[in-house]
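Since the structure comes first, as structure tokens, the remarks are kept for the end.
The values are calculated or read from the model by the stated rules, or taken from the named source; none is laboratory data. Note that the structure is a prediction, hence the values are computed from the model and not measured. Every residue, glycine among them, receives a Cβ derived from its backbone with ideal geometry; neighbour counts consider all protein chains shown. Side chains included, ligands, DNA and RNA excluded: accessible areas come from the protein's heavy atoms. Shrake-Rupley method; radii C 1.70, N 1.55, O 1.52, S 1.80 Å.
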2 protein chains.
Amino acid sequence: MSNIKDVAEKADVSTATVSRVLNNPHTVKNETKKRVQKAIQEIDYQPNMLGRNLRRSSTRMVMILLENVSNPFYSRVIRGIEQIALENDYYIVICNNNSDPAQENTYLNLLRSKVLDGVIMMKPELSKKKLQELGSRFAVVQCCEYIDDLDIPFVSINNKKAAYSAVKHLLDQGHQNIGFISGGQNVPSAQQRKKGYKYALQESGITIKQKYIKNGTYGYKGGMEKTRELLSLKEKPTAIFAISDITAIGAIKTIREYNLKIPDEIAVVGFDNTSISRMYNPELTTIAQPRKEMGQKAMQLLIDIIQHNEIKNKNIFLDHKLIIRESSKN
Amino acid sequence: MSNIKDVAEKADVSTATVSRVLNNPHTVKNETKKRVQKAIQEIDYQPNMLGRNLRRSSTRMVMILLENVSNPFYSRVIRGIEQIALENDYYIVICNNNSDPAQENTYLNLLRSKVLDGVIMMKPELSKKKLQELGSRFAVVQCCEYIDDLDIPFVSINNKKAAYSAVKHLLDQGHQNIGFISGGQNVPSAQQRKKGYKYALQESGITIKQKYIKNGTYGYKGGMEKTRELLSLKEKPTAIFAISDITAIGAIKTIREYNLKIPDEIAVVGFDNTSISRMYNPELTTIAQPRKEMGQKAMQLLIDIIQHNEIKNKNIFLDHKLIIRESSKN
DNA sequence: AGAACCGATGTAATGGTTTTCAATTAAATA
DNA sequence: TATTTAATTGAAAACCATTACATCGGTTCT
């Protein structure tokens, strides 16, 4: 494989000039430029990034670190990140931590060893303390999931408000007994949403019943199991608010096993507005997050950090939207 | 940030020795090794991969190039790839081509510029000729989607046989008029599956009707539209075989609009056994591909190519499985 | 004792590019 | 024409780690 020296010799210039043609074309005389470009063509020269990266001490690669790409929630966020990245000549690489701190750490070593210029963390497994330290040494942005007292920029929605509006919608439909199937206990967004759930009930003067609150997982199976628990209560809820669309679908599955009509006998609301919510039968009421825009903002934030641009706003909240569909409309 | 020289000075050895401690620990005296390791600890030294990569002319990073991570089909394939990669100290990076040849090319430049050691291509946008050339210069493996007269190793299922077994199942259920909603015209697997569809019908002595064959997309909307076309025929099909689960779900959606009962009045079979097929209502009959295993084999193949190991089998076919569920069981 | 060998370490070259600084040339000004 | 100034270019250092080769002290063998 040819290198910059070969080009230099072929074009009868120094390597410095070749480099300039590549990176600062306007600083070299037109005639020389032509000659160099011709040489590049002729020997099919492709700059070796490993040399360049070492010299520049930067790779223009940034990582999206998430739980698992299989989670449909991420796809549009990734799109947004990708778009801004490509517009700014950054490469993005996506890595799964699979909820495993060790695996996450393996990937974060890419940051420490200079392979990556920055990282967007979607669902950190690190301890708060380690995250803080990471953020102080490297370019880090939190996206969707975040810890706010950490001095690491983030972009997200207001989860409490979003959950509030979901539950408010159910209350408006006349429901009084509303179950809540939450996510992991230590997931910030789940905690925030629980607050929103409680707040909506309190506001309507309804006492919060612990038996209606189920801490489960984001998954399909979790949704099924927790719903089974809810439906075996003697005072069954007439509505269920689930932490994610998939969880909601698990709920619906179980509800059908119990031969209850949706939404007449029991209403269901999900979260995320993933594509399945529109395709499902019945179509699912849900909360839409501006996923693509979150990705865009996060990537822009990351670029600003990497390039030491002035950052006007380190904490960005975007608006959610309640999308009412069959599963809750009476 | 500290470098190898700092460690060397601290431990009062040469950089060569530090490097040896890092890479060939057994070649250095125990006592010295201890001293070096202590120094590494103390100044929190992390080898700079950019230097190492340049010197080694390798990064141990490989790319998974696919259409878009949002496609749920890929998730388990990625898992398989990831597992083998981590076991062998390779990093994987996932990149979307978003069906855009230009974007794909951008990412493939990472190969040409040495940033990546190899690539697993899941759904190439390149021309056959360019793919061939890529394969001759770099470590490339095709996974799931493949072109076989190309001398580039691949792992896949036998799509013709798989489609055959799906259609055979419908025939066994007594269906005679079976619609086929296919994927893109130029997608190899779609062509192969069409062959399987036709073969099954011919074998049963049923004449193939072009009106029953719809070339659409893999998407939900495509499934809806094409099904509308099929259901507006005066001789409606009593069964639909769709190229993917999502397409099948689009079909079901439309079928419900027409108030037809599934599977009594019309049966539906999908493809891929993505998680939604089990969650959907009705549960979807589909063809399961050994996705994780495909990923594992593909990654192993890629490693073998990168490391110039002997490769016993460059073309690997794995077994599919028909999974019968509500949408077609009578 | 001298030769051959082994283990442990250091020296210095190497990989490919970018960039500072100096040098050269050309153009502009006095 | 002599002097500045600006535009081009080249030489060489720098980025960091790996590794071929040389060195040195100590064994083992004959």
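List of remarks:
- Per residue value of the accessible surface for the range A:236-324 (all protein chains in place, 1.4 Å probe), Å²: 39 Å²
- Within 10 Å of the Cβ of each residue in B:272-281, the mean number of Cβ atoms contributed by other protein chains is 4.
- Summarising the strand pairing of the protein assembly as shown, around 10 percent of its internal DSSP beta bridges are antiparallel.
- Per-copy distances of the residue A:127 label point, shortest first, in nm (7 angstrom along Cα→Cβ): 5.8
- Protein-only accessible surface at a 1.4 angstrom probe places the residues B:256, A:325 in the order B:256, A:325, largest first.
- Spread of Cα-to-Cα distances over 10 Å intervals beginning at zero, given as percent, for the range A:4-47: 35, 62, 4
- Accessible surface computed residue by residue for the range B:1-138, with neighbouring protein chains in place and a 1.4 Å probe, gives 48 Å² per residue.
- Sorted largest first, extent of the protein assembly as shown alpha carbons per principal axis (Å): 76, 69, 56
- Net charge dipole, chain B: roughly 240 debye, given to the nearest 20, about the Cα centre with Cβ charges of +1 for Lys and Arg and -1 for Asp and Glu.
- What the phi angles of the range A:164-179 give under the Karplus curve with 6.51, -1.76 and 1.60, with θ = phi - 60°, is a coupling list of 3, 5, 5, 6, 4, 4, 5, 4, 4, 7, x, 6, 10, 9, 10, x Hz, glycine and proline written as x.
- Principal-axis tilt of helix B:101-112 within chain B, Cα atoms, nearest 10 degrees: 30 degrees
- Residues along the range B:189-235 losing 40 Å² or more of accessible surface when the other protein chains are present rather than the chain by itself (probe 1.4 Å): B:220
- Overall, the range A:4-47 carries a charge dipole of about 200 debye about its Cα centre when +1 sits on the Cβ of Lys and Arg and -1 on the Cβ of Asp and Glu, all other atoms neutral.
- For chain B, the Cα gyration tensor yields ellipsoid semi-axes of 51, 19, 17 Å (square root of five times each eigenvalue, largest first, whole Å).
- Shielding of B:109-116 by partner chains, average beta-carbon count, 10 Å: 6
- Residue mean of other protein chain beta carbons inside 10 Å, A:42-52: 5
- When residue B:187 is represented by a point 7 angstrom out along its Cα-to-C-beta vector, the spacings to that point in the other copies are 3.0 nm, nearest first.
- Computed over protein heavy atoms with a 1.4 angstrom probe, the accessible surface ordering of B:56, A:112, largest first, is B:56, A:112.
- Rg(Cα)/(2.2 N^0.38 Å) for the range A:159-289, N = residue count: 0.92
- GNM result for chain B, Cα springs below 10 Å: residue of B:43, B:78, B:255 fluctuating most strongly: B:43
- Rounded to the nearest 10 degrees, the angle from helix A:30-42 to the longest Cα principal axis of chain A is 70 degrees.
- Relative contact order %, chain A, counting alpha carbon pairs below 8 Å whose residues are six or more apart: 17 percent
- Qualifying lysines (Cα of each under 19 Å from Cα of residue B:209; at least 8 residues distant if same chain): B:160, B:168, B:194, B:195, B:198, B:226, B:234, B:236
- Shielded residues, the range B:62-94 - accessible-area loss of 10 Å² or more between chain alone and all protein chains, probe 1.4 Å: B:68, B:69, B:70, B:75, B:78, B:79, B:82, B:86, B:91, B:92, B:93, B:94
- Within the accessible surface of chain B, defined with a 1.4 Å probe on protein heavy atoms only, the carbon and sulfur portion equals 45 percent.
- Buried accessible area, chains A and B (both chains, 1.4 Å probe, Å² to nearest 100): 4700 Å²
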